[in-house]
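These notes concern the structure reproduced below.
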Ligand SMILES: [Zn+2]
């Protein structure tokens with residue numbers, strides 16, 4: 001888990017908030033970096049998977065001034081007004097199992113972690129630019145999940161991928177196909193991002209930081 005913080009002396013923005021119960025680790029990381037979690041002005045939820053919003057409510061409690069940002073498609077699964085998309089998908093897959101297999105397999109809802117819900121302050125759209133770090137753009141990356149997003153920080157040529165990309169065993173960026181709703185659409189999103197941005201650094205939620213010609217790497221992955 002690698003959350004990312006944008007800090008520019010005016011705004012302090014956390015991108016994703018980890019698994020349930022990980023708040024103390026996030027707080028310690030802030031302290032280690034000489035930052036105060038109470039100074040957060042924003043928290044961006046890239047999408048509603050529990051490892052990205054598990055401690056969102058806890059962070060928000062410690063940072064009352066922080067506005068929570070998410071896409072319209074993702075917000076209901078984060079604020080609790082709808083069932084999480086992944087749980088719905090898992091329940092659909094479970095219902096399709098042969099009866100005999102289903103008897104031996106625990107129902108997804110029973111395994112789903114309790115994620116504390118958090119209120120969304122602002123709905124974001126693709127192409128929205130916020131002043132953070134001189135200009136940070138919201139990039140919709142459909143495919144991993146509807147309304148999933150990444151961020152592009154132009155001054156750093158940095159792509160904060162969230163779950164649009166992870167790093168494989170060899171340290172190369174790849175889309176995390178196993179947990180991606182629509183891998184073909186995810187690849188088209190990567191091709192669009194490659195054409196739209198000059199990317200030199202990629203921050204992957206799962207895997208860490210990658211340096212190189214990110215636009216070329218994304219085009220190569222997408223096959224476009
Ligand atoms: Zn995810």
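Before moving on, here are some points about what is shown:
- Result for the chain in a Gaussian network model with C-alpha springs under 10 Å: among 129, 13, 44, the largest mean-square fluctuation is at 129.
- For the chain, built as a Gaussian network whose Cα springs stay under 10 Å, the top-fluctuating residue of 54, 80, 162: 80
- The mean sequence distance of close C-alpha pairs (under 8 Å, at least 6 residues apart), as a share of the length of the stretch 1-137, puts its relative contact order at 26 percent.
- Cα gyration tensor shape of the stretch 91-224, rounded if a/c is under 1.5, else prolate or oblate by comparing a/b with b/c: prolate
- 222 nm mean residue ellipticity, helices alone, for the chain (DSSP H n ≥ 4; -39,500 (n - 2.57); rounded to 500): -8500 deg cm²/dmol
- Three-way shape label, the chain, alpha-carbon gyration tensor, a/c 1.5: oblate
- Prolate/oblate/rounded call for the stretch 1-124, Cα gyration tensor, a/c under 1.5 rounded: prolate
- Virtual spin-label span in nm between residue 200 and residue 182, 7 Å along Cα→Cβ: 3.4 nm
- With only the Cα atoms considered, the stretch 119-186 has a convex hull volume of 112 Å³ per residue.
- The distance from the alpha carbon centre of the stretch 151-182 to that of the stretch 1-77 is 18 Å, rounded to a whole number.
- GNM remark for the chain: springs join alpha carbons under 10 Å apart, and the peak mean-square fluctuation among 71, 81, 164 falls on 81.
No lab work stands behind these numbers, since they all come straight from the coordinates. Keep in mind the model is a prediction, meaning the values are calculated, not measured. Positions of Cβ are backbone-derived with ideal geometry, glycine not excepted, and every protein chain shown enters the neighbour counts.
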